1. Kindly list the number of the only condition in (1) in a loop (DSSP other than H, G, I, E, B); (2) over 15 Å from S31 (Cβ atoms); (3) out of contact with any strand residue (DSSP E or B) (no Cβ under 9 Å at 6 or more places or on another chain) that fails for S123.
2. For the stretch 36-46, which positions are surrounded by fewer than 17 Cβ atoms within 10 Å (Cβ to Cβ) and in contact with a strand residue (DSSP E or B) (Cβ under 9 Å, 6 or more places away or on another chain)?
3. So if I check each of L86, L19, L96, L106, which one is in contact with a Gly (Cβ under 6 Å, 6 or more places away or on another chain) and of a type outside the set (V, I, T)?
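Values in this text are rule-based calculations from the coordinates and carry no lab data. These numbers come from a predicted model, not from an experiment. As a convention, Cβ positions derive from the backbone with ideal geometry for all residues, glycine included, and neighbour counts pool all protein chains shown.
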Amino acid sequence: MTYRRWFVVGVAVAVIGALIAAFTIFYGNFSPRGYVEDNYSRASGRDIGSNAIAYTSNKAPSEVSKQITDAWKPADQYVDGSGVYLRYDDDSVVILPLAVGSVILLERMTTAYPRYHSVVGNSWGWGRGSTVRGGGPGSGK
C-alpha cells in the first residue's frame, strides 16, 4: 500500500472510533443512577425534598433490585421487609414497595446514610463503596 492509502485507512479508522466513542458517551449508562434514569419512570411527586429523586416501576422491589444489581453490582446491600437498600460508590438506590410496584429513590450517600442508618445500621459501611479491599499488614482479618 502506498503512503496515501495508509493515511486514508488511518483517517477512516479514527473517524469510526470517534463516532463509536461519541455514541457511547451520549447514550451509555455509566452509573447505577444512569441505569435507573434510563429504565424507570420519573415520579417527581414522590421525591424526598431535593435529595432523593424518585422513580417508579410496576415490578416488586425484589425484581427491580435484581435488574439493577445485574447491571451494577452494589458495594453493600441490605434487604428487609421495608425494602431493598443498595449502596454504591457515591449513590444509594433504595427500592420501597408500593401497593402495585415499587418506588426507587436515588440519593447521594452523604444524605442517604444519615436518612437510612436506622434501617441499615452497620450493613452499609461508611466511606467510598469500593469493593476492593486494601492490602497491608493485618488486612482481611
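1. (3)
2. E37, N39, S41, R42, A43, S44, G45, R46 - these are the residues of the stretch 36-46 that are surrounded by fewer than 17 Cβ atoms within 10 Å (Cβ to Cβ) and in contact with a strand residue (DSSP E or B) (Cβ under 9 Å, 6 or more places away or on another chain).
3. Details: L86 fails: in contact with a Gly (Cβ under 6 Å, 6 or more places away or on another chain); L19 fails: in contact with a Gly (Cβ under 6 Å, 6 or more places away or on another chain); L106 fails: in contact with a Gly (Cβ under 6 Å, 6 or more places away or on another chain).
Exactly one residue qualifies, and that residue is L96.
Residues checked against (1) in contact with a Phe, Trp or Tyr (Cβ under 7 Å, 6 or more places away or on another chain); (2) charged (D, E, K, R); (3) exposed (fewer than 15 other Cβ atoms within 10 Å of the Cβ); (4) touching a residue at least 12 places away in the same chain (Cβ under 8 Å):
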residue	(1), (2), (3), (4)
G17	no, no, yes, no
N51	no, no, yes, yes
K73	no, yes, yes, yes
P97	no, no, no, yes
L105	no, no, no, yes
